[in-house]
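S.K.: Structure in structure tokens, see below.
The values are calculated or read from the model by the stated rules, or taken from the named source; none is laboratory data. This is a predicted model, so every value here is computed, not measured. Glycine also receives a Cβ, built like all others from the backbone with ideal geometry; neighbour counts cover every protein chain displayed.
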Amino acid sequence: MPKAKIDLWYAIGLPPKKAIEYFKSKGYTFSWDWWELWQEAHTKAFTVAKVMRMDILQDIREMVQKALDEGITFQEFKKELEPKLRAKGWWGRKLIIDETGAQEVQLGSPWRLKTIYHVNMQTSYMAGRYTAQMENVDNRPYWQYVAVMDSRTRPAHRALHGKVFRYDDPFWNSFYPPNGWNCRCRVRALSARDIERKELVVDSSKGKLSIKDALVSKRTGELQPVAVYHDPLTGEKISPDVGWSYNPGKRDWKPDLNKYDDDIRRLFND
């Protein structure tokens, strides 16, 4: 059972099994900069920027898996993982020389471990939550974006708070949380009765989505596409953080074919 001091288990309300299954499905890959493994590719492979040795990558992945399996806190995660990384030399700032010249890079640090912990925990939770919500769309086909409305909430996430779209609206392909580093947003599934009782408006993203190029590396000038939602009420153009305009759970979702007849099942399997 997860420990009570892990707030995310309760705040998100996700069966832990689905988050664990999502994370276990990933393979491994190496990347030097965070943007080299782009968006949907993160759903298929576990990577940590500037980890170029398999043993170090495995150490980090095993600790993330332990955090999901056992519900350990960040402090426990850090206490066990930091000595392993220090012993293997993946810690502190190091001068690296390659074909582009010399650069000082940050390897392991308390801040980086905190980012690794929160990003992987939140992404896994939300991927599992997406799967659970997709399994119940017959009863709750409307999804509401929910941000944590406090002083740390980013303007773009605040602007999306409370908006409702159908589960199959293209909006969720790019804006299903998390939508950035340390994003705390989530999605609430609603029934038709909920919509009527709360007097909510179901929006549509038709004609309101576009793509822009965003700078991901000042050093290389690398540009990557990012989704934009044009809010007709405020005129705002809202985007996830660069590298986050994708749905981490969509790749692993598969329909429950048991509720279809044989002809429909064959179409899915083909």
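S.K.: Scan segment 237-252 for residues that are in contact with a strand residue (DSSP E or B) (Cβ under 8 Å, 6 or more places away or on another chain) and either within 20 Å of G162 (Cα to Cα) or not assigned by TED's automatic domain parsing to the domain that holds K212 (or both) and report the count.
M.R.: Residues of segment 237-252 in contact with a strand residue (DSSP E or B) (Cβ under 8 Å, 6 or more places away or on another chain): 237-240, 242-243, 245.
Applying the additional criterion that residues be either within 20 Å of G162 (Cα to Cα) or not assigned by TED's automatic domain parsing to the domain that holds K212 (or both) yields 237-240, 245.
Counting residues in segment 237-252 that are in contact with a strand residue (DSSP E or B) (Cβ under 8 Å, 6 or more places away or on another chain) and either within 20 Å of G162 (Cα to Cα) or not assigned by TED's automatic domain parsing to the domain that holds K212 (or both) gives 5.
S.K.: Follow-up. K50 passes all but one of (1) more than 19 Å from the chain's Cα centre (by Cα); (2) modelled with pLDDT of 70 or more; which number fails?
M.R.: Only one criterion in (1) more than 19 Å from the chain's Cα centre (by Cα); (2) modelled with pLDDT of 70 or more is unmet by K50, namely (2).
S.K.: Yes or no: Y130 farther than 22 Å from I60 by Cα and part of a helix (DSSP H, G or I)? I'd like the intermediate steps shown before the answer.
M.R.: Details: farther than 22 Å from I60 by Cα: yes; part of a helix (DSSP H, G or I): yes.
For Y130, the condition - farther than 22 Å from I60 by Cα and part of a helix (DSSP H, G or I) - is met.
S.K.: Could you count how many residues in segment 71-103 are among the acidic types (D, E) and modelled with pLDDT of 85 or more? Working first, answer last.
M.R.: Initial filter on segment 71-103 (among the acidic types (D, E)): 76, 80, 82, 98-99.
Within this subset, residues satisfying the condition of being modelled with pLDDT of 85 or more are 76, 80, 82.
So the count comes out to 3.
S.K.: Is it the case that some residue within segment 169-185 is outside the structural domain of I116 (by TED's automatic domain parsing) and farther than 18 Å from S245 by Cβ?
M.R.: First, the residues of segment 169-185 that are outside the structural domain of I116 (by TED's automatic domain parsing): 169-185.
Remaining after also requiring farther than 18 Å from S245 by Cβ: none.
No, every residue in segment 169-185 fails to be outside the structural domain of I116 (by TED's automatic domain parsing) and farther than 18 Å from S245 by Cβ.
S.K.: Return the residue satisfying two criteria in turn: it lies in segment 117-130 and is among the hydroxyl-bearing types (S, T, Y) and under 11 Å from N247 (Cβ atoms), and of such residues it is modelled with the lowest pLDDT.
M.R.: We begin by selecting, within segment 117-130, every residue among the hydroxyl-bearing types (S, T, Y); these are 117, 123-125, 130.
When the remaining residues are screened for being under 11 Å from N247 (Cβ atoms), the result is 123, 130.
On the way: T123: 83, Y130: 90.
If we take residues in segment 117-130 being among the hydroxyl-bearing types (S, T, Y) and under 11 Å from N247 (Cβ atoms), then T123 is modelled with the lowest pLDDT.
S.K.: Looking at Y142 and the list (1) closer than 18 Å to W244 by Cβ; (2) touching a helix residue (DSSP H, G or I) at 6+ places or on another chain (Cβ under 7 Å); (3) not basic (K, R), which single condition is not satisfied?
M.R.: (1)
S.K.: Determine whether segment 130-138 contains at least one residue that is outside the structural domain of K237 (by TED's automatic domain parsing), under 24 Å from S239 (Cβ atoms) and buried (at least 16 other Cβ atoms within 10 Å of the Cβ).
M.R.: yes
S.K.: Moving on to the next point. Being free of Cβ contacts under 8 Å to residues at least 40 places away in the same chain and either touching a strand residue (DSSP E or B) at 6+ places or on another chain (Cβ under 8 Å) or not polar (S, T, N, Q) (or both) narrows it down to one residue among R184, R193, R129, R188; which is it? Even if it seems obvious, please write down each step before you answer.
M.R.: On the way: R184 fails: free of Cβ contacts under 8 Å to residues at least 40 places away in the same chain; R129 fails: free of Cβ contacts under 8 Å to residues at least 40 places away in the same chain; R188 fails: free of Cβ contacts under 8 Å to residues at least 40 places away in the same chain.
On inspection, the qualifying residue turns out to be R193.
S.K.: Which of the numbered conditions does A156 fail, given that it passes all the others? Conditions: (1) at pLDDT 95 or above; (2) not in a loop (DSSP other than H, G, I, E, B).
M.R.: Exception for A156: condition (1).
S.K.: When you check V242 against the structure, is it modelled with pLDDT under 95, out of contact with any Leu (no Cβ under 9 Å at 6 or more places or on another chain) and β-branched (V, I, T), yes or no?
M.R.: No: the conditions fail for V242.
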